[in-house]
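In what follows, a single structure is set out as structure tokens and then discussed.
The values are calculated or read from the model by the stated rules, or taken from the named source; none is laboratory data. Here the structure is a predicted model, which is why all the values come from computation and not from measurement. We place every Cβ from the backbone using ideal geometry, glycine too, and count neighbours over all the protein chains shown.
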Amino acid sequence: MKNITFEPINHEYFMDGKEYPSYSKIVKHFGMTPDYERFGNDASRDFGSAVHHLTKLYDTNNLGSYDPRLQPRLNGYKMFLDHFKPKWKLTETPMISERWGFAGTPDRFGGFMGRNSLIDFKSGSEDPSHGLQTAAYQILVEENLEVPVRRRYSLYILDNNFKLIEHKNPSDKTIFIGLAQAYRWKLKHKRNGE
């Protein structure tokens, strides 16, 4: 793996002193994030981050004490694990694509229903941009691990339940690559358009 520095406060990725824009920064720049991410309040963002963090702690056997208000979401995640029994190879590992000039942190990658699959966790509602996000993470995993990602999913972790959506649109990948290239072009030519 590459030597990557991730600054979580500003959600910034660096390698050898060079910053790589995150998936989120690129899609936000083009106004393609879900409305609840663009206009949501800090409390909803903090809740989503807390759910992500809790699942990571659970998967790494480091749960300890946590806010009891998150228990229904943890129950939903446990239901998913009990039902599918995935074999994770990666858990929230920051990655950079030198080829396409962007960065991100795939939530999970590993054996899922007999295939190498990428799964992105969500605590909000469904949105078409989630297909783009899993495609971006597919690019990162394939470039960094040199293994194919066979399937992409969003896992919506609900109170005492879950919903799994597979993203099958092959154009998700080319659309995101186009956005990443356009973002780099705008930076190079100092056209931020904001």
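For every residue, the table says whether it meets (1) assigned to a helix (DSSP H, G or I); (2) in contact with a Leu (Cβ under 9 Å, 6 or more places away or on another chain); (3) not polar (S, T, N, Q).
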| site | (1), (2), (3) |
| --- | --- |
| E142 | yes, no, yes |
| Y156 | no, yes, yes |
| K168 | no, no, yes |
| T174 | yes, no, no |
| L179 | yes, yes, yes |
| W185 | yes, no, yes |
| K190 | no, no, yes |
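Failed condition for K2, given (1) under 21 Å from L145 (Cβ atoms); (2) modelled with pLDDT of 90 or more, with all others met?
Here K2 meets the rest and fails (2).
Conditions (1) modelled with pLDDT of 95 or more; (2) of a type outside the set (A, V, I, L, M, F, W, C), marked per residue:
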position	(1), (2)
G48	no, yes
D82	yes, yes
K87	yes, yes
I96	yes, no
S117	yes, yes
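Residues to consider are D16, D42, D35; find the one that is out of contact with any Pro (no Cβ under 7 Å at 6 or more places or on another chain), of a type in the set (D, E, K, R), modelled with pLDDT under 80 and over 21 Å from R73 (Cβ atoms).
Checking each option against the conditions leaves just D35.
Report, by residue number, each residue of the range 125-140 that is in contact with a strand residue (DSSP E or B) (Cβ under 8 Å, 6 or more places away or on another chain) and outside any helix (DSSP H, G or I).
S125, E126
Determine which single condition A135 fails, assuming it passes every other condition in (1) free of Cβ contacts under 8 Å to residues at least 60 places away in the same chain; (2) over 14 Å from the mean Cα position of the chain (by Cα).
(2) is the only condition that A135 fails.
For the range 110-130, enumerate the residues that are of a type in the set (A, V, I, L, M, F, W, C) and farther than 10 Å from Y153 by Cα.
F112, M113
Based on what the data block shows, is T134 among the β-branched types (V, I, T), closer than 29 Å to I175 by Cα and touching a Leu at 6+ places or on another chain (Cβ under 8 Å)?
In short, yes.
Do any residues in the range 82-93 that are more than 12 Å from D107 (Cβ to Cβ) and of a type in the set (A, V, I, L, M, F, W, C) have Cβ atoms under 9 Å from those of residues that are modelled with pLDDT of 95 or more and not in a loop (DSSP other than H, G, I, E, B), where the two are at least six apart or on different chains, and which pairs are they?
So the pair list comes out as F84/F112; F84/L164.
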